[in-house]
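The structure appears below as structure tokens.
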Amino acid sequence: RTGDEQALRQGVEAIDFYLRNGETRTPGLYYGDFQADANRWTPATFHGGAQGISSRQFGEIFDRLCDAVIQARKMRLPQAAGWEAAVRRAGDFLLAAPRIGGMFPRAWKEDGTILGDPALPGALSAAGATCAAALVRIGRITGERKYIDAAAAAMDAYHGEFLSGGPMPPWGATID
């Protein structure tokens, strides 16, 4: 938008690097952490040393990548279609991902299963609500209602769990 070609090039290269290299073995599930000194993608570390893909990070990343797709379309960047395909893969992962009571888990293992025992405290937090935000954006970009409907169902579940006067306040995300 500013006409700074170097900034544009750096931004495009960073997004391309992430989308080309950050996907786990599970289609549509992307890492949130890169260790530059070791030149590798790594899962985040959670309480007790368990490693997984943070649903909060995942949702925030793909919400912001939707902004990049919109801007790339406006600027007619050749990368727009590839970025949209990656965003759609992420949305499809979220549609198929295992949930706890309709909500996204706090984290996934690299194979896409829930990190931790879903019946125990800690597997669920409000962190996954960011995935619902990403789904709405993905639905708007693709024009496919299935993403928006899934986001609405997830937010209804979050409301029921955390905001309806139950014993647990929202925790684990920037919305808490």
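Annotations for the structure displayed:
- One residue stands out among those in the stretch 1-50 that are in a loop (DSSP other than H, G, I, E, B) and touching a helix residue (DSSP H, G or I) at 6+ places or on another chain (Cβ under 8 Å): the one that is farthest from ASP111 (Cα to Cα), which is ARG1.
- A count restricted to the stretch 47-61 and to residues that are touching a strand residue (DSSP E or B) at 6+ places or on another chain (Cβ under 8 Å) and over 16 Å from GLY112 (Cα atoms) stands at 1.
- Inter-residue pairs, beta-carbon under 6 Å, first open to solvent by less than 80 Å² (accessible area, probe 1.4 Å) and in the stretch 148-169, second modelled with pLDDT under 75, 6+ apart: PHE162/PRO170
- Condition check for ARG64: among the basic types (Lys, Arg), open to solvent by 40 Å² or more (accessible area, probe 1.4 Å) and either touching a strand residue (DSSP E or B) at 6+ places or on another chain (Cβ under 9 Å) or closer than 27 Å to PRO105 by Cα (or both): yes
- Residue list for the stretch 97-129, restricted to those being open to solvent by 60 Å² or more (accessible area, probe 1.4 Å) and in contact (Cβ under 8 Å) with a residue 24 or more places away in the chain: ARG99, GLY101, ARG106, LYS109, ASP111
The values are calculated or read from the model by the stated rules, or taken from the named source; none is laboratory data. Computed from a predicted model, the values in this text were never measured in an experiment. All Cβ positions, even for glycine, are placed from backbone atoms using ideal geometry, and neighbour counts span all protein chains on display. Ligands, DNA and RNA are excluded from the accessible area calculation, which covers all protein heavy atoms including side chains. Shrake-Rupley method; radii C 1.70, N 1.55, O 1.52, S 1.80 Å.
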